[in-house]
Amino acid sequence: MQAIPTEPNGKNHTPAFTKASATKEAHAANMISTRGLALTAIRIIQDDKLFQEMKASFASPDFEDQSPDA
């Protein structure tokens, strides 16, 4: 999970979040997330079995029921 350090109640789409997004700390947090996403993509591209399993899970009729909020 990614978190950009901000002031209390500085939720997304607020002036406080906009201000916090322009900091070095926010950039560092975004780079960690970006690297994780890139490494995930590389693994999926290199591992056809994993790709097929993921593709099948998205095609599953009960895909929506697999979310953590379900």
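Listing for the model above:
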{"item": "Selection status of ILE4, at pLDDT 90 or above and β-branched (Val, Ile, Thr)", "result": "no"}
{"item": "Top-ranked residue in the stretch 1-27 [being of a type in the set (S, T, N, Q) and in a loop (DSSP other than H, G, I, E, B); ranked as nearest to LEU37 (Cα to Cα)]", "result": "GLN2"}
{"item": "Test: residue in the stretch 33-51 that is in contact (Cβ under 8 Å) with a residue 12 or more places away in the chain and in contact with a helix residue (DSSP H, G or I) (Cβ under 8 Å, 6 or more places away or on another chain)", "result": "no"}
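Let's see how each residue does on (1) surrounded by 10 or more Cβ atoms within 10 Å (Cβ to Cβ); (2) at pLDDT below 95; (3) at negative phi:
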site	(1), (2), (3)
ASN9	no, yes, no
ASN30	yes, yes, yes
GLN52	yes, no, yes
ASP69	no, yes, yes
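The values are calculated or read from the model by the stated rules, or taken from the named source; none is laboratory data. The structure presented is a predicted model; accordingly, all values stated were derived computationally and were not measured. Because the Cβ atoms are built from the backbone with ideal geometry, glycine has one as well, and the counts that use them run over all protein chains shown.
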